[in-house]
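J.: Just dropping this structure here.
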Amino acid sequence: MQTEHTLEIKKIIAGGNGLGYLDDGLVTMVPFVLAGELVRVAEIRRCSGYIVANLLQVLRPSPLRCEPKCRYFGHCGGCNLQHISSTGQPAVKEEIIGELVSRARLAPVEGLASPLPSPQSEGYRHRVRFHLSRSGEIGFHRSGTNELVAVNHCLLAAPAINRALEELIASGLPAKIGRYCRQVEFVCSPEDQSVSATLLLKENRKPSGVLIEAVLNLQTLSGLVVRRRKKIVFAGGNNGVRQTFAGRLSSYILQWDNQCFFQVNPMQNKRLVRLVLEHAGNLTGQRVLDLFCGMGNFSIPLAVAGAVVTGVEWNRQAIGAARKNAQDAGIDAITFITADVTGYLQGCIGGDNHYDILLLDPPRQGLGRAARLLPVFASGKIIYISCDPATLVRDVRILVQEGYHLSSMTPVDMFPQTHHIECVAVLEKN
């Protein structure tokens, strides 16, 4: 017999869950709710100091509540904010970031900026990874579990990716490759909407050449990579990805392959690049260090705007693409280094390593203790781009302790319909 409770949701917290209190004051976490709503919930787990509950009924809905468009919503473990209107989602995300910043006592000098809205709220993802069962079902894991929820369409995926997914399912090939592969990833090139795929193999398993060719020959695919962990065991067709950017003075093109990281929302990424350039200011002759530079998403436009750029990235394929992008753009004042960023930072201690601007766009886990190494470059300005506000705030606190102040923070809605939030924080030397 499940235990039920009725409570009011006080706020939405990082991760997208609602937070409320039982009559005895016990904290309760509930998904798919909104602040101010009165809800009936079922307790599913008691933890130290709080309980986790499932939503049973909304007794008093918020005016921001809307009807989700996806039939898999609430099941597939992907989107968790589809129940919030497109105008309400940025406001909710702003509140989440505002609380994190306030709790850390890091109020920006210019205040928390309003979120930069995404041009698209659906169909924006140009990279989507699906799980694959042994029996050939394709989908996403239910939230907090390894249970597969089979899907044949994703609301957030670019239309070309959905067409590739539908053809793959209709071909019957998933039932054959499921015994060898654990995941399949589709990447859509923003320039021409061509789609390439990556099959991620299980340990010590490899499909036959005939089966690989059958996947590669799907009409909706331009290329295919078969990979076991980091090792590529097959690559065929065209796996290139390409996007044109209009700069302030000229246009440039970035090219990479489907094994390199890139922002999954390419239209919003263009706005993100413009925002970074605005924060950087006059770049003529400025020395810029771009950590986690990837294939040059920020390095190239910074150099086009007049900066002398050094980019650091551990992924050799990405560095190769970055060098080719710089060459194609006719840029000479740029250097790319293949190195682990933390190791690179440690190697710079005690050297003459001055940069006017330090830019970094780390993975979700951020820098952690390595953030204390950033002041070695004596940069007057640090532009920190992050897809995880919690680790961003943690690292910013370290930098404040090291003599910087938080000048501004701008949320960027890179991932509509989900709780994920991109942020651009600008720190300046005291």
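J.: Tell me, what ³J(HN,Hα) does each residue in the range 330-344 have, in order and in whole Hz, if you take phi through Karplus 6.51 cos²θ - 1.76 cosθ + 1.60 with θ = phi - 60° and put x for Gly and Pro?
T.: In residue order, the calculated couplings are x, 9, 9, 7, 8, 10, 10, 10, 8, 6, 5, 4, 4, x, 5 Hz.
J.: Another question about this same structure. If the cut-off is a Cα-Cα distance under 15 Å, which aspartates and glutamates reach Lys324, setting aside same-chain residues fewer than 8 apart in sequence?
T.: Candidates past the 8-residue exclusion: Asp257, Glu313, Asp332.
J.: Turning to a different aspect of this structure: For a quick check: with amide H placed at 1.01 Å from N, whose amide H comes under 5 Å from Thr335's, ignoring anything fewer than 5 positions away on the same chain?
T.: The answer is Val309, Thr310, Gly311.
J.: What translational diffusion coefficient, to the nearest whole µm²/s, does the range 203-332 have by Stokes-Einstein, given a Kirkwood radius computed over alpha-carbon pairs, a temperature of 4 °C and 1.567 mPa s viscosity? Display every interim value, and only then the final one.
T.: Details: Rh = 16.4 Å.
Estimated via Stokes-Einstein, D reaches 79 µm²/s.
J.: Could you work out the local net charge near Cys79, counting Lys and Arg as +1, Asp and Glu as -1, over the other residues with Cβ closer than 11 Å to its Cβ? Before the final figure, lay out the partial values.
T.: On the way: positive: Lys69, Arg125; negative: Glu122.
Value of the local net charge: +1.
J.: Once you have the Cα-Cα distance between Arg316 and Ile44, take 0.36 nm times their residue separation minus that, and quote the gain in nm to one decimal.
T.: 93.4 nm
J.: On to the next question. Could you size up the charge dipole of the chain around its Cα centre, putting +1 on the beta carbon of Lys and Arg and -1 on that of Asp and Glu, and report it in debye to the nearest 20? Intermediate results must be reported in sequence, preceding the final value.
T.: Numbers: 45 positive and 37 negative charges, 227 e Å.
With Lys and Arg at +1 and Asp and Glu at -1, about 1080 debye.
J.: Continuing with this model, one more query. Could you tell me how far the Cα centroid of the range 189-224 sits from the Cα centroid of the range 362-430, in Å?
T.: 37 Å
J.: To continue, here is another question. Stretch Ala14-Ala107 to full length: gain in nm at 0.36 nm per residue minus the Cα-Cα span? Could the numbers behind the result be given before it?
T.: Working: separation 93, 0.36 × 93 = 33.48 nm, distance 1.75 nm.
Going from the current span to full extension adds 31.7 nm.
J.: Could you work out [θ]222 nm for the chain from helices alone, using -39500 (n - 2.57) per DSSP H run of at least four and dividing by all its residues? Round to the nearest 500 deg cm²/dmol.
T.: Calculated at 222 nm, the ellipticity per residue is -6500 deg cm²/dmol.
J.: Also, quick follow-up: Report the charge-dipole magnitude of the range 127-240 in Debye, nearest 20, computed about the Cα centre from +1 at each Lys and Arg Cβ and -1 at each Asp and Glu Cβ.
T.: On the way: 16 positive and 9 negative charges, 146 e Å.
The calculation lands at about 700 debye.
J.: Next question, about the same structure. In whole Hz, with x marking every Gly and Pro, tabulate ³J(HN,Hα) for the range 212-224 from phi via Karplus 6.51 cos²θ - 1.76 cosθ + 1.60, θ = phi - 60°.
T.: Karplus-based 3J(HN,Hα) across the range 212-224 equals 4, 5, 5, 5, 4, 7, 4, 4, 7, 9, 9, x, 8 Hz.
J.: In terms of modelled amide H atoms, which long-range or inter-chain residues lie less than 5 Å from the amide H of Leu56?
T.: Under 5 Å from the amide H of Leu56: Arg40, Val41, Ala42.
J.: Given the Cα atoms of the range 319-364, and with Rh set as the inverse mean 1/r over their pairs in the Kirkwood sense, what is Rg to Rh to two decimals?
T.: Ratio of gyration radius to Kirkwood radius for the range 319-364: 1.00.
J.: Taking the Cβ-Cβ separation of Asp23 and Gln120 as r and a Förster radius of 41 Å, what is the calculated FRET efficiency to the nearest 0.05? Don't skip to the answer; put the middle values down first.
T.: On the way: r = 43 Å, r/R0 = 1.05.
Efficiency for this residue pair is about 0.45.
J.: Expressed as a whole percent, how much of the Cα-Cα distance distribution for the range 127-240 exceeds 17 Å? Before the final figure, lay out the partial values.
T.: Numbers: 3239 of 6441 pairs.
The share of Cα pairs beyond 17 Å in the range 127-240 comes to 50 percent.
J.: Length gain on complete extension for the stretch Thr244 to Thr145, per 0.36 nm per residue less the alpha carbon to alpha carbon distance? List each step's numbers first, then the result.
T.: Values: separation 99, 0.36 × 99 = 35.64 nm, distance 3.91 nm.
This chain segment gains 31.7 nm when fully extended.
J.: Compute the signed sum of charges (Lys and Arg +1, Asp and Glu -1) over the other residues within less than 14 Å, Cβ to Cβ, of Val92.
T.: Within the 14 Å Cβ shell, the charges total -1.
J.: Counting pairs of Cα atoms in the chain, how many percent are more than 43 Å apart? Show your work: numbers first, answer last.
T.: Working: 15430 of 92235 pairs.
In whole percent, the share of Cα-Cα pairs in the chain beyond 43 Å is 17.
J.: Among the lysines, which have Cα under 16 Å from the Cα of Lys176 when same-chain residues fewer than 8 positions away are ignored?
T.: Lys202, Lys206
J.: State whether the range 70-176 is rounded, prolate or oblate according to the following rule on the C-alpha gyration tensor (a ≥ b ≥ c being the square roots of its eigenvalues): a/c under 1.5 gives rounded; otherwise a/b larger than b/c gives prolate, and the remaining case gives oblate.
T.: Prolate.
J.: If the cut-off is 17 Å between C-alpha atoms, which aspartates and glutamates fall inside it for Lys69, apart from same-chain ones fewer than 8 positions away?
T.: Cross-link targets: Glu122.
J.: I would also like to ask the following. Could you give the C-alpha radius of gyration of the range 1-65 expressed as a fraction of 2.2 N^0.38 Å, taking N as the number of residues it contains?
T.: Against the empirical 2.2 N^0.38 Å value, I get 1.00 for the range 1-65.
J.: For the modelled label position 7 Å from the Cα of Lys69 along Cα-to-Cβ, which residues of the range 150-177 have backbone nitrogen atoms closer than 15 Å?
T.: Backbone N within reach: 153-160, 162.
J.: Which of Ser121, Ser208 comes first, and how do the rest follow, when ranked by fewest Cβ neighbours within 10 Å? Please report the intermediate quantities before stating the final value.
T.: Working: Ser121 17, Ser208 10.
Starting with the residue having the fewest Cβ neighbours, the order is Ser208, Ser121.
J.: Please arrange Trp256, Trp314 by how many other C-beta atoms lie within 10 Å of their C-beta, fewest to most. Display every interim value, and only then the final one.
T.: Numbers: Trp256 27, Trp314 15.
So the ranking, lowest neighbour count to highest, is Trp314, Trp256.
J.: Right, something else. Where a ≥ b ≥ c are the square roots of the eigenvalues of the C-alpha gyration tensor, would you call the range 294-430 rounded, which needs a/c under 1.5, or, failing that, prolate if a/b is larger than b/c, or oblate?
T.: On the way: a/c = 1.60, a/b = 1.18, b/c = 1.35.
Oblate, because a/c is 1.5 or more while a/b does not exceed b/c.
J.: For the range 80-99 and the range 29-72, what is the separation of their Cα centres, given in Å?
T.: That distance is 15 Å.
J.: Still on this model: Name the residues of the range 212-253 whose amide N is less than 19 Å from a point 7 angstrom out from the Cα of Glu167 along the C-beta direction?
T.: Label zone hits: 212-226, 235-242.
J.: Between the alpha-carbon centers of the range 290-320 and the range 249-266, tell me the distance in whole angstrom.
T.: 11 Å
Quick note: the coordinates plus some simple rules give every number you see, no bench work behind them. This one's a predicted model, so the numbers in the text were calculated from it and none came from an experiment. Reconstructed Cβ throughout: ideal geometry from the backbone, glycine too, with neighbour counts over all protein chains shown.
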